[in-house]
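Taken together, the values in this text are just the output of simple stated rules run on the coordinates, not laboratory data. These numbers were taken from a predicted model, which means no experiment stands behind them. In this analysis, Cβ positions are derived from the backbone assuming ideal geometry, glycine residues included, and neighbour counts consider all displayed protein chains.
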């Protein structure tokens, strides 16, 4: 039986004006990508809990970027259609 490790495909994120600034690279083991996504999601949860009401704009931007990064990692693990 062939036990090939499942790997990521390229997944871009942060795409202002249709030009991707960042991407998840193809060929990373899916388990590693999902582990990193879980870490980012934990960071997001922590920031939501400790957010300071005087810095909502800054927190919103950080949360947006972290969420896009976590989403791109998960998207990169989905099978190619």
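Apart from one condition, residue 39 fits all of (1) in contact (Cβ under 8 Å) with a residue 12 or more places away in the chain; (2) part of a helix (DSSP H, G or I); (3) within 10 Å of the chain's Cα centre (by Cα); the exception is (1). For the stretch 1-33, the set of residues classified as surrounded by 16 or more Cβ atoms within 10 Å (Cβ to Cβ) and under 10 Å from residue 72 (Cβ atoms) consists of 8, 11, 13, 24, 33, listed by residue number. Quick check: anything in the stretch 8-19 out of contact with any strand residue (DSSP E or B) (no Cβ under 9 Å at 6 or more places or on another chain), part of a helix (DSSP H, G or I) and at positive phi? Yes, some residue in the stretch 8-19 is out of contact with any strand residue (DSSP E or B) (no Cβ under 9 Å at 6 or more places or on another chain), part of a helix (DSSP H, G or I) and at positive phi.
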